[in-house]
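Down below is the structure, laid out as structure tokens.
The values are calculated or read from the model by the stated rules, or taken from the named source; none is laboratory data. This structure is a prediction, so every number in the text was calculated from the model and none was measured. Counting neighbours? That spans all protein chains shown, and the Cβs are built from the backbone with ideal geometry, glycine included. These accessible areas exclude ligands, DNA and RNA; they are computed on the full protein's heavy atoms, side chains included. Shrake-Rupley method; radii C 1.70, N 1.55, O 1.52, S 1.80 Å.
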Amino acid sequence: MAWRGNISKSLKELRILLCQSSPASASARTFVEKNYRDLKSLNPKFPFLIRECTGIQPQLWARYDMGAERCVNLDGMSESQILKSLEDLVKAGGATKA
């Protein structure tokens with residue numbers, strides 16, 4: 001999982017939107033609880049933004065160079081699927097820099 005250390009090289013910002021209590025956001029909450037510390041320690045100056053809002057559908061937003069953004073709807077995804085979606089977003093950002 002070397003891509004975890006390349007987040008700050010591939011992206012400008014990562015936002016995770018979730019609800020504090022809805023079942024739809026349960027996997028997103030678990031993902032944040034289990035992965036935030038590791039991701040932040042590998043990318044200490046990178047802005048990981050966790051936005052909590054009642055009733056919102058869970059989403060993962062990646063911002064790239066020149067303000068380009070991509071969004072992944074996390075509703076119904078497992079924690080491992082969320083991790084794979086993040087990996088895909090990071091690798092997509094790295095591909096644009098090659």
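Go over the candidates Ala62, Ala28 one by one and state the one that is of a type outside the set (Lys, Arg), modelled with pLDDT of 95 or more, surrounded by 12 or more Cβ atoms within 10 Å (Cβ to Cβ) and in contact with a Pro (Cβ under 6 Å, 6 or more places away or on another chain).
Exactly one of Ala62, Ala28 is of a type outside the set (Lys, Arg), modelled with pLDDT of 95 or more, surrounded by 12 or more Cβ atoms within 10 Å (Cβ to Cβ) and in contact with a Pro (Cβ under 6 Å, 6 or more places away or on another chain), namely Ala28.
Hand me the list of strands (runs of 3 or more DSSP E) wholly inside region 43-94 holding 2 or more residues that are over 17 Å from Asn6 (Cβ atoms) and in contact (Cβ under 8 Å) with a residue 40 or more places away in the chain.
Once the strands (runs of 3 or more DSSP E) in region 43-94 are filtered for at least 2 residues that are over 17 Å from Asn6 (Cβ atoms) and in contact (Cβ under 8 Å) with a residue 40 or more places away in the chain, what remains is 59-63.
Looking at region 6-23, which of its residues are open to solvent by less than 30 Å² (accessible area, probe 1.4 Å) and of a type in the set (Gly, Ala, Ser)?
The answer is Ser10, Ser22.
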